[in-house]
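Novice: Please find one structure pasted underneath; my questions will follow.
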Amino acid sequence: MSEKGKLLVISGPSGAGKSTVVFKAIEGRSDVCFSTSVTTRSPRPGEVDGREYFFIDFKRFHEMVENDELLEHAEYVTNCYGTPRAYVEQRLNEGMNVVLDIEVLGARQVRKKMPGAVLIFIAPPSLIELERRLRGRGTDTEEAILGRLTRARQEYQEANFYDYLIINDDVEKAAKQLGAIIEAEHCRFADWADWLRSN
Ligand code: 5GP
C-alpha cells in the first residue's frame, strides 16, 4: 500500500473546544497520534510536563529555534510555542497521522514546508460564547482573556488559507465532521498513484 500518514493541523481560538473535538474524533483509532509542543508558558493547574506540553524556559526555546529543532514556532499572547520536528517526521514516516494543535502563524509555516498537510480551523459558535468559555475556565487573568479574544479576532481575518472550517456548536457533530475529513483526505486520488499502477 502506498498510503502515508497525514499531517493534520488543527487551529482555532483557545476556548473553541479543539482538544475535546479532536479526542472524540480519534477515540479508539490507533492510526492517529498527537504531537506535544514545547512552550514557555507556565503549566495550568492539572497540566503535566510532557503530556499537554513540554514546559521549557525562553533560553531553551531560543536554542531549539537556533538548532532548527522546531518544525514551526510562534509567539502567542506573550509566550512562545513550537512543534518539535523529529517526532513529527518520525511518526509520519511510520505511516501515522499526526495532529498538531497550533495557532495560525505556525500553520502558515507548516503549509509552506509541508504542502501535503491538511489545515482545519475549529471555531466556537460565536465570539461571545468564546468569552463566556474563557471566563468560565477561570484559569486566565483578565489581561490574558482580553489578549486571547483579540488574537481570536485576528485569526479569523488571517485564516483564509485553511482547507476546512468546523463550527463547534455541538461536540458530537464537530467530531463527526473531523473524522469525515480524515477519511476523505485518505481517499485523495494523487496519494494512490502507486497502488493504481500496481493493480
Ligand atoms: P494555550 O496556551 O491555550 O495552551 O495555547 C495557546 C495557543 O497556542 C493555542 O491556539 C494553541 O493552538 C497554540 N499552540 C500550542 N502549541 C503550539 C505550537 O507548537 N506552535 C504554535 N504555533 N502554536 C501552538
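The values are calculated or read from the model by the stated rules, or taken from the named source; none is laboratory data. All of these numbers come straight from a predicted model, not from anything done at the bench. Backbone-built Cβ (ideal geometry, glycine too); neighbour counts: all protein chains shown.
Novice: Is it the case that some residue within the stretch 153-168 is surrounded by fewer than 18 Cβ atoms within 10 Å (Cβ to Cβ), more than 16 Å from K4 (Cβ to Cβ), within 12 Å of the ligand (Cβ to nearest atom) and not hydrophobic (A, V, I, L, M, F, W, C)?
Specialist: The answer is yes; a qualifying residue exists.
Novice: Test A175 against the criterion of being farther than 13 Å from P125 by Cα, in contact with a Leu (Cβ under 9 Å, 6 or more places away or on another chain) and assigned to a helix (DSSP H, G or I), and give yes or no. If you could, list the steps in order and put the result at the bottom.
Specialist: Details: farther than 13 Å from P125 by Cα: yes; in contact with a Leu (Cβ under 9 Å, 6 or more places away or on another chain): no; assigned to a helix (DSSP H, G or I): yes.
It is false that A175 is farther than 13 Å from P125 by Cα, in contact with a Leu (Cβ under 9 Å, 6 or more places away or on another chain) and assigned to a helix (DSSP H, G or I).
Novice: Same structure again: Just wondering, is there one or more residues in the stretch 61-72 that are within 8 Å of the ligand (Cβ to nearest atom) and touching a residue at least 40 places away in the same chain (Cβ under 8 Å)?
Specialist: Checking the stretch 61-72: at least one residue is within 8 Å of the ligand (Cβ to nearest atom) and touching a residue at least 40 places away in the same chain (Cβ under 8 Å).
Novice: Give the stretch 29-51 a look and list any residue that's part of a loop (DSSP other than H, G, I, E, B) and over 15 Å from V98 (Cα atoms), or say none.
Specialist: Taking the stretch 29-51 and keeping what is part of a loop (DSSP other than H, G, I, E, B), we get 29-31, 35-36, 40-48, 50-51.
Once the filter is applied, which keeps residues that are part of a loop (DSSP other than H, G, I, E, B) and over 15 Å from V98 (Cα atoms), the stretch 29-51 yields T40, R41, S42, P43, R44, P45, G46, E47, V48, G50, R51.
Novice: Hey, another quick one. Checking R51 against (1) of a type outside the set (S, T, Y); (2) in contact with a strand residue (DSSP E or B) (Cβ under 9 Å, 6 or more places away or on another chain); (3) in contact (Cβ under 8 Å) with a residue 12 or more places away in the chain; (4) within 13 Å of the ligand (Cβ to nearest atom), which test does it fail?
Specialist: (2)
Novice: If you go through the stretch 76-84 one residue at a time, do you hit one that is at pLDDT below 95 and aliphatic (A, V, I, L, M)? Can you show your working first?
Specialist: Of the residues in the stretch 76-84, the ones at pLDDT below 95 are 76-78.
Okay, now just the ones that are also aliphatic (A, V, I, L, M), so 77.
For the stretch 76-84, residues at pLDDT below 95 and aliphatic (A, V, I, L, M): present.
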